[in-house]
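Report on the following structure.
The values are calculated or read from the model by the stated rules, or taken from the named source; none is laboratory data. In this text, all values refer to a predicted model and were calculated from it rather than measured experimentally. A quick note on method: Cβ atoms are made from the backbone with ideal geometry, for glycine too, and the neighbour counts reach across all protein chains shown. Ligands, DNA and RNA are stripped out before the accessible areas are found, and what is left, the full protein with its side chains, is counted by its heavy atoms. Shrake-Rupley method; radii C 1.70, N 1.55, O 1.52, S 1.80 Å.
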Amino acid sequence: MKRSILAFLLCLAMIFTFVPEVSAVFQERPGETLLYNFTFSPEEKADIERFFTPNEAVEIEWVSGIGVGHGDDHALRVENIDKVNFTSVHNVVRLTLPEPLPLGYEYRVFAWIYAPEEGNDDKRNMRGPNICINNNYEGDLGVSKFPADYGGLTLGQWRSMDAVIPVQTTETTVIDFRLYTNNAREHPNIWYWDNIEIWQGAHDENIRVPEWDLSLPSLAETYSDYFLIGNIMTPNSNWFNAHTDAFLHHFNAVTAENSMKPVYVALESGQYDFNGADTVVKFGEDNNIPVHGHTLIWHQQSADWLTTDPDGNPLTRDEARENMQSYITAYAGRYAGRIASWDVVNEAFDNSVADGTNWKSGMRTASPWYKAYANGTDRDAGEHPSDYIYDAFVFTRLAAPDAVLFYNDFNEEEPGKRNAMAGMAEDFNVKWETDPRNTEPGRKLIEGMGMQSHYWTDNLNPADVRDSIQRFVRAGLRIRITELDIPFGNYGNYRSRTTEPTEAELIVQAKLYESLFKIYIDFAEHIDAVTIWGLTDPMNWRGSGYPVLFDEFQSAKPSFWSIIEVVDPGAYDRFMGTQPSDSESTSAPAPDHPDGTLIQPVPDEPDEPHESDAVSSGFPWWGFALIGVGVAILVAFLAITVIKNKKAAK
Ligand code: XIL
């Protein structure tokens, strides 16, 4: 008896240890359809060779030989040409699909990869593989590389990749097969792909495809009597395909989210990459909307050579100044007359400034610009490390005299910081009055304050924002709200948030946006533009806090409607009343009540699935049954053992 129980338990143990191995390879899911299956056999070659192309740094070859493939004798061999450049976009095999993958489905891409020991013996810590769709390497959307958890690659062992491409807003036309790492020591020189399969997911009526509703009232039009309404962009084809129309519907000012920052532009001394900036500027020109340049001088996303020597030590003040001059002259000069305004210097103050009366004591001393300018400062001659800010504004003025020049910072609503920012601008503007390079008496050097406006729902007090605007106006400055977003929660907790916002939270957020826009309107004659930092919640850098005006389905949130209703009361009712069929595309609206409160809307979304449903849909019923049987047998076995032991003890 005891032996048979043991045997049975052994069988169970084998079943359970066997299951994970099975799940490590591709398992078809119900309703999936196999669209493509590339085995790289010689018969296929003529047909599909043209769909696979090498990118710049690699050569590809269809190879046959005993055992070279995964489970057969054929594979696609890839070799890095110079063994130096392993950067991802150049280092991939590209599959250009004969037909774009239709929208409205999930897709699974399954493939095998192998790096032989021979030719790769100096390699270690290889990571990957994954895929990148539609050539979207910049990754700001954060959704184009799959899977996110790619794992490692061991020399001499085939491994599989199972990547899910979630429902997209633009058709997938190109899939790049790649290894995650860019580093020469971590990336094989030679590798093989085989058995690439592309599966279309089951048709799911409940899958909601993100979609812009261009019949909504336009933000920019609604605010046309007051100021421009801007947003950010990422110049890649995905962005253009998916969001251009919506952008132009709602916004009439544009800022590059990242691609105009020094690190992407100022590669080396005298060597610039203006591709990203050119695209953004052209987008503005083609569509007749002003480009706000962000940003020339910043401690983050900067280029080391500007401020730091190859050993990581600060350059001298004179060296850094010379670099700054050549860089700003080349960059701002290139776009003179084409970029309407610049954030010349970004975030030169500490995160918070307790006492703003002596602005120099509030400087961000850890900035590489500050450190370089501190290296060789002659304080007796009146020099100070913060002079880099003045220099940056002067160089920009001289290179691009038509552009309106802004200083940009965050926590700008705090009293200490606002006073420091205003005080600095006032001092530099006085200094400029007698600067011999100033050819426009009466025009300020620092003409405006960029209020980043990265707030939180927990602790934003709109009255502070009003006070800051007032302080900046007193300093004679224009105002730009440059990066507005309001995630739920606070600095300490918004990142770890995993739950969808509740209706009540959405209303709280909408009310904050409403209060801010009422203040902006009060000061409209001083405000050039209000720029929202991100088109949709998941596209925002603090997306886990659901911070902006459109949700992941690109539907208007209560925050959108609350902003519209500040200028156009009743717009929501009118819109919903005249177009009832469009109501589904508008989640959780927040109409403004005559008494000023926001009505909590009735949710029109289906209920969230209950937890038990979610669990059972992910794990097969027979799995639970097996576990149940296993547990029962284990209990029985333990009981028998205990009884026997007791008997033996007697
Ligand atoms: C952020 C971008 O949104 C992110 O994509 C990037 O990874 C980091 O920078 N203040 C600024 C902006 O001035 O440039 C920052 O943008 C957000 C904070």
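Please specify each residue of segment 515-535 satisfying the condition of being in contact with a strand residue (DSSP E or B) (Cβ under 8 Å, 6 or more places away or on another chain) and more than 13 Å from the ligand (Cβ to nearest atom).
Selection gives 516, 517, 520, 523, 526, 527, 528, 529, 530.
Going by the conditions given, is residue 346 open to solvent by 20 Å² or more (accessible area, probe 1.4 Å) and either assigned by TED's automatic domain parsing to the domain that holds residue 446 or over 22 Å from residue 373 (Cα atoms) (or both)?
Criteria not met by residue 346.
Give the residues of segment 81-118 that are hydroxyl-bearing (Ser, Thr, Tyr) and closer than 20 Å to residue 174 by Cα, sorted by residue number.
Hits for segment 81-118 are 87, 88, 96, 105, 107.
Collect the residues in segment 547-573 that are under 20 Å from residue 247 (Cβ atoms) and not hydrophobic (A, V, I, L, M, F, W, C), keeping them in residue-number order.
Hits for segment 547-573 are 547, 551, 552, 554, 555, 557, 559.
Open to solvent by less than 60 Å² (accessible area, probe 1.4 Å), in contact with a helix residue (DSSP H, G or I) (Cβ under 9 Å, 6 or more places away or on another chain), more than 16 Å from the ligand (Cβ to nearest atom) and touching a residue at least 24 places away in the same chain (Cβ under 8 Å): is that true of residue 377 in this structure? Lay out the reasoning, then the answer.
Details: open to solvent by less than 60 Å² (accessible area, probe 1.4 Å): yes; in contact with a helix residue (DSSP H, G or I) (Cβ under 9 Å, 6 or more places away or on another chain): yes; more than 16 Å from the ligand (Cβ to nearest atom): yes; touching a residue at least 24 places away in the same chain (Cβ under 8 Å): yes.
Spelling it out, residue 377 is indeed open to solvent by less than 60 Å² (accessible area, probe 1.4 Å), in contact with a helix residue (DSSP H, G or I) (Cβ under 9 Å, 6 or more places away or on another chain), more than 16 Å from the ligand (Cβ to nearest atom) and touching a residue at least 24 places away in the same chain (Cβ under 8 Å).
Residue 431: among the charged types (D, E, K, R), within 16 Å of the ligand (Cβ to nearest atom) and either part of a helix (DSSP H, G or I) or not assigned by TED's automatic domain parsing to the domain that holds residue 442 (or both), yes or no?
No: the conditions fail for residue 431.
I need a count of the residues in segment 341-356 that are acidic (Asp, Glu) and away from the ligand (no atom under 15 Å from the Cβ). Before you say what the answer is, go through the steps one by one.
Keep residues of segment 341-356 that are acidic (Asp, Glu), which gives 343, 347, 350, 355.
The next check asks that each one be away from the ligand (no atom under 15 Å from the Cβ); those that pass are 355.
Residues flagged as acidic (Asp, Glu) and away from the ligand (no atom under 15 Å from the Cβ) within segment 341-356 amount to 1.
Could you grab me the full set of residues in segment 480-493 that are more than 15 Å from residue 513 (Cβ to Cβ) and either aromatic (Phe, Trp, Tyr) or away from the ligand (no atom under 16 Å from the Cβ) (or both)?
Within segment 480-493, 489, 490, 491, 492, 493 meet the criteria.
Restricting attention to segment 355-371, which residues are at pLDDT 95 or above and farther than 26 Å from residue 434 by Cα?
Hits for segment 355-371 are 364, 365, 366, 367, 368, 371.
If residue 497 meets every condition in (1) within 16 Å of the ligand (Cβ to nearest atom); (2) touching a Ser or Thr at 6+ places or on another chain (Cβ under 6 Å) apart from one, which number is that one?
(1)
Any residue in segment 308-317 that is among the charged types (D, E, K, R), in the same structural domain as residue 483 (by TED's automatic domain parsing) and within 16 Å of the ligand (Cβ to nearest atom)? Can you show your working first?
So the first thing to find is which residues in segment 308-317 are among the charged types (D, E, K, R), and the list is 309, 311, 317.
Those left that are additionally in the same structural domain as residue 483 (by TED's automatic domain parsing): 309, 311, 317.
Those still in the list that are within 16 Å of the ligand (Cβ to nearest atom) too: none.
No, there is no match, as no residue in segment 308-317 is among the charged types (D, E, K, R), in the same structural domain as residue 483 (by TED's automatic domain parsing) and within 16 Å of the ligand (Cβ to nearest atom).
Residue check, residue 454 against (1) touching a helix residue (DSSP H, G or I) at 6+ places or on another chain (Cβ under 8 Å); (2) of a type outside the set (A, V, I, L, M, F, W, C); (3) within 16 Å of the ligand (Cβ to nearest atom), all met but one. Which one?
(1)
Going through segment 27-43 one residue at a time, which ones are closer than 18 Å to residue 99 by Cβ and open to solvent by 40 Å² or more (accessible area, probe 1.4 Å)?
33, 34, 35, 36, 37
One line per residue, one yes/no per condition, for (1) surrounded by fewer than 20 Cβ atoms within 10 Å (Cβ to Cβ); (2) modelled with pLDDT of 85 or more:
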{"residue": "107", "(1), (2)": "no, yes"}
{"residue": "149", "(1), (2)": "yes, no"}
{"residue": "154", "(1), (2)": "yes, yes"}
{"residue": "160", "(1), (2)": "yes, yes"}
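Only residues in segment 77-96 that are over 20 Å from residue 111 (Cα atoms) and open to solvent by less than 50 Å² (accessible area, probe 1.4 Å) count as the first member; pair them with residues that are in a helix (DSSP H, G or I) and modelled with pLDDT under 90, Cβ under 8 angstrom, at least 6 apart or cross-chain, and list the lot.
86/184
Just a yes or no: is a residue in segment 54-63 crowded, with 21+ Cβ neighbours inside 10 Å and in contact (Cβ under 8 Å) with a residue 40 or more places away in the chain?
Looking through segment 54-63, none of the residues is crowded, with 21+ Cβ neighbours inside 10 Å and in contact (Cβ under 8 Å) with a residue 40 or more places away in the chain.
Considering segment 45-61 alone, what residues qualify as being assigned to a helix (DSSP H, G or I) and within 13 Å of residue 98 (Cβ to Cβ)?
47, 48, 49, 50, 51 - these are the residues of segment 45-61 that are assigned to a helix (DSSP H, G or I) and within 13 Å of residue 98 (Cβ to Cβ).
So in segment 210-221, with the set limited to residues that are in contact with a Ser or Thr (Cβ under 7 Å, 6 or more places away or on another chain) and open to solvent by less than 50 Å² (accessible area, probe 1.4 Å), which one is nearest to residue 284 (Cα to Cα)?
Among them, the one singled out is 213.
If I go through segment 461-484 residue by residue, how many of them are among the polar types (S, T, N, Q) and more than 30 Å from the chain's Cα centre (by Cα)?
1
Taking segment 218-231 as the region of interest, how many residues are out of contact with any strand residue (DSSP E or B) (no Cβ under 8 Å at 6 or more places or on another chain) and more than 18 Å from residue 518 (Cβ to Cβ)?
Going through segment 218-231 one residue at a time, the tally reaches 2.
State yes or no: is residue 224 modelled with pLDDT under 95, surrounded by fewer than 22 Cβ atoms within 10 Å (Cβ to Cβ) and hydroxyl-bearing (Ser, Thr, Tyr)?
Details: modelled with pLDDT under 95: no; surrounded by fewer than 22 Cβ atoms within 10 Å (Cβ to Cβ): yes; hydroxyl-bearing (Ser, Thr, Tyr): yes.
So residue 224 fails the test.
For segment 395-414, does any single residue satisfy the condition of being touching a Ser or Thr at 6+ places or on another chain (Cβ under 8 Å), more than 16 Å from the ligand (Cβ to nearest atom) and either without any contact (Cβ under 8 Å) to a residue 40 or more places away in the chain or open to solvent by 60 Å² or more (accessible area, probe 1.4 Å) (or both)?
Yes - at least one qualifying residue is present in segment 395-414.
Does residue 256 satisfy being buried (at least 16 other Cβ atoms within 10 Å of the Cβ), within 16 Å of the ligand (Cβ to nearest atom) and of a type in the set (A, V, I, L, M)?
So residue 256 passes the test.
With 113, 131 as the choices, which residue is under 26 Å from the mean Cα position of the chain (by Cα), open to solvent by less than 10 Å² (accessible area, probe 1.4 Å) and of a type in the set (A, V, I, L, M)? Steps first, please.
Working: 113 fails: under 26 Å from the mean Cα position of the chain (by Cα).
None of the other options fit; the residue is 131.
Would you be able to say whether some residue in segment 385-392 is surrounded by fewer than 23 Cβ atoms within 10 Å (Cβ to Cβ), touching a Ser or Thr at 6+ places or on another chain (Cβ under 9 Å) and either more than 22 Å from residue 435 (Cα to Cα) or not acidic (Asp, Glu) (or both)?
For segment 385-392, residues surrounded by fewer than 23 Cβ atoms within 10 Å (Cβ to Cβ), touching a Ser or Thr at 6+ places or on another chain (Cβ under 9 Å) and either more than 22 Å from residue 435 (Cα to Cα) or not acidic (Asp, Glu) (or both): present.
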